[in-house]
Amino acid sequence: GEDVEQSLFLSVREGDSSVINCTYTDSSSTYLYWYKQEPGAGLQLLTYIFSNMDMKQDQRLTVLLNKKDKHLSLRIADTQTGDSAIYFCAENGGGGADGLTFGKGTHLIIQP
Amino acid sequence: DAGVIQSPRHEVTEMGQEVTLRCKPISGHNSLFWYRQTMMRGLELLIYFNNNVPIDDSGMPEDRFSAKMPNASFSTLKIQPSEPRDSAVYFCASSPPSYEQYFGPGTRLTVT
């Protein structure tokens, strides 16, 4: 079945770049997503990328997709304390407006 | 735009009681999703609707769970009877006719 894998934790220093990685198994995924969840809150859609793209940039966020290796990454430039959260990778299984399959989330910890 | 609205935000109930969770999607969105988040299993899709019609309920754990969408602006997720293992955060999300899903703040359910 579909599977999305992420590292559980990432620790970076304030001001450095954060790179959160994700691998997925469903080769039919048409869209891949990054969501952010702060404590006690819902999931905030950060960005998404269509599977025929290999890069998407949006201000401090850069998404890289290697479809051959089924590898997705999210780079956050100039990481700030407000970026501290859990980041979820998700894919939509290629079926249009289908439900998403999520990874377990990566806790981003910012060191001062 | 108010975003996806869920109620109640917190629910504490005793085992065996009926629980009803409510969701109002973003106006104009034609797909609605119910997810459950637990520490052990992460985020799981329970069911989703397209144009008020249930499309995939394979994620609904048992017959104790049921969901309805009587119109485009309202959905319910009902658990009857509730059990302690149903304790989780339940998220509703909605999507326009594209690939973006927007999540509500969630309902934290505790069954004692």
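Read the figures in this text as sums done on the coordinates, not as results from a lab. All figures in this text were calculated on a predicted structure; none of them were measured in a lab. Methodologically, a virtual Cβ is constructed for each residue, glycine included, from the backbone with ideal geometry; neighbour enumeration extends over all protein chains shown.
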Q | Candidate lysines for bridging to A:LYS70, where Cα separation is under 24 Å - those fewer than 8 sequence places away on the same chain excluded | A | A:LYS36, A:LYS56, A:LYS104
Q) Once you put a point 7 Å from the Cα of B:ARG64 and another 7 Å from the Cα of B:SER7, both along the Cβ direction, what distance in nm separates them? A) 2.6 nm
Q. Which of B:TYR48, B:TYR90, B:TYR102 moves most in a GNM of chain B, Cα contacts under 10 Å?
A. B:TYR102
(Q) Rg and Dmax in Å for segment A:1-102, alpha carbons only: what are they? (A) 13.2, 39
Q. If you take every DSSP beta bridge whose two residues both sit in chain A, what share of them, in percent to the nearest 5, is antiparallel?
A. 90 percent
